[in-house]
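Report on the structure given below.
Each value in this text was obtained by applying a stated rule to the coordinates, not by laboratory testing. Given the structure is predicted, the values throughout are model-derived calculations rather than measurements. With ideal geometry, Cβ positions are generated from the backbone for all residues, glycine too; neighbour counts draw on all protein chains shown.
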Amino acid sequence: MAFMKKYLLPILGLFLAYYYYSVKEEFRPEMLQGKKVIVTGASRGIGEEMAYHLAKMGAHVVVTARSKENLQKVVSRCLELGAASAHYVAGTMEDMTFAEQFVAKAGKLMGGLDMLILNHITKTSLSFFHNDIHFVRKSMEVNFLSYVVLSVAALPMLKQSNGSIVVVSSLAGKIAHPLLAPYSASKFALDGFFSSIRKEYSLAKVNVSITLCVLGLINTDTAIKAVSGILDSHAAPKEECALEIIKGGVLRQEEVYYDSSLWTSLLLENPGRKILEFIFPRRYTVDKLISY
Ligand SMILES: NC(=O)c1ccc[n+]([C@@H]2O[C@H](COP(=O)([O-])OP(=O)(O)OC[C@H]3O[C@@H](n4cnc5c(N)ncnc54)[C@H](OP(=O)(O)O)[C@@H]3O)[C@@H](O)[C@H]2O)c1
Ligand SMILES: *[C@@H]1O[C@H](CO)[C@@H](O)[C@H](O)[C@H]1NC(C)=O
Ligand SMILES: *[C@@H]1O[C@H](CO)[C@@H](O)[C@H](O)[C@H]1NC(C)=O
């Protein structure tokens, strides 16, 4: 109790004051003008909507997914909407060599990179987990490992531009949900990996921001089909969701919460975790380590 009074309460107070009073910069669409942006999983759904918002704001975009036909349509629409430039590179994120080469190609097409938006996922349906180890591996590879490969390949360009990595995750990557175990595992992995890397960038003075986006149910065709007959829940609009992700990325926020219920974002703020993460890094000595 004495410990509580002496240390924990003042720290909590300071922390909350810092958190709530730190002035947040306001978003302006011009912030994206001329910026060079990659969006993965952009042949449909939230990724497609992000490409259109970026195009309207005058950004350069390179989109990727497997389906060439869809990507072609997305690129033409982006050009109509006013993109500074728009290209696609088709391929599968099951293939880590493709992932690595894709970033190099996109960087060449745009002459650099300001923002890497990681959004693709392998097709997932709601079901009890029996024994599909193959699908656990596939989810980890497509939804998690390829994100690591893509961000490693992009880091040199992002360091040059003081750029941003935007990771699209889910409520199922923050709290437990039934019927989604492999997907959930891959999304929790994103939080563990990218939140750790954010701490490392801060220690190593690498000015590349990392934004983790925690989304509730969104009204994409895929999601609506997946939950139909199993989950009766309100789905938030994909267009607004896409915009909130871009805003959070360009404002260099650590996390973005987007859900149809306001309660979710309020309750997701995990002050215990934030306080502990705020305290711990002060104990490291990194001078002897090889830096980024
Ligand atoms: N919609 C929701 O309710 C919801 C909720 C929480 C979080 N999220 C997150 O939001 C993001 C987007 O979701 P969404 O609903 O927009 O998904 P979506 O409409 O199903 O789109 C998925 C995208 O990923 C691509 N993709 C699938 N398999 C791929 C592969 N092997 N290699 C490369 N690309 C692949 C798809 O294109 P191809 O098939 O052409 O490859 C498509 O462009 C995901 O990270 C998801 O976890 C969504
Ligand atoms: C990146 O930020 C550094 C300061 O951290 C600044 O000196 C440099 O000009 C910036 N570069 C770009 C491309 O904005
Ligand atoms: C990091 O980069 C951003 C975007 O260019 C810039 O606004 C910020 O001042 C930079 N921060 C540091 C510490 O250099």
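Calculate the tail of P(r) for segment 159-289: the fraction of all Cα-Cα distances greater than 22 Å, expressed in %. Summing the P(r) of segment 159-289 above 22 Å gives 43 percent of all pairs. Per-residue Cβ neighbour counts within 10 Å put D287, D259, D114 in the sequence D287, D259, D114, beginning with the fewest.
For the set K24/K105; K35/K187; K174/K288; K105/K138; K174/K225; K247/K288, the pairs lying more than 32 angstrom apart at their alpha carbons are K24/K105; K174/K288; K247/K288.
Taking 7 Å steps out from each Cα toward its Cβ at I230 and I133 produces label points 2.3 nm apart. Using a cutoff of 8 angstrom between alpha carbon atoms and counting only pairs six or more residues apart, the relative contact order for the chain works out to 16 percent. With kT/(6 pi eta Rh) evaluated at 37 °C and eta = 0.692 mPa s, and Rh the Kirkwood radius from Cα pairs, the chain diffuses with a coefficient of 164 µm²/s according to Stokes-Einstein. The equivalent ellipsoid of segment 44-182 has semi-axes of 28, 17, 14 Å, largest first, where each one is the square root of 5 times an eigenvalue of the Cα gyration tensor.
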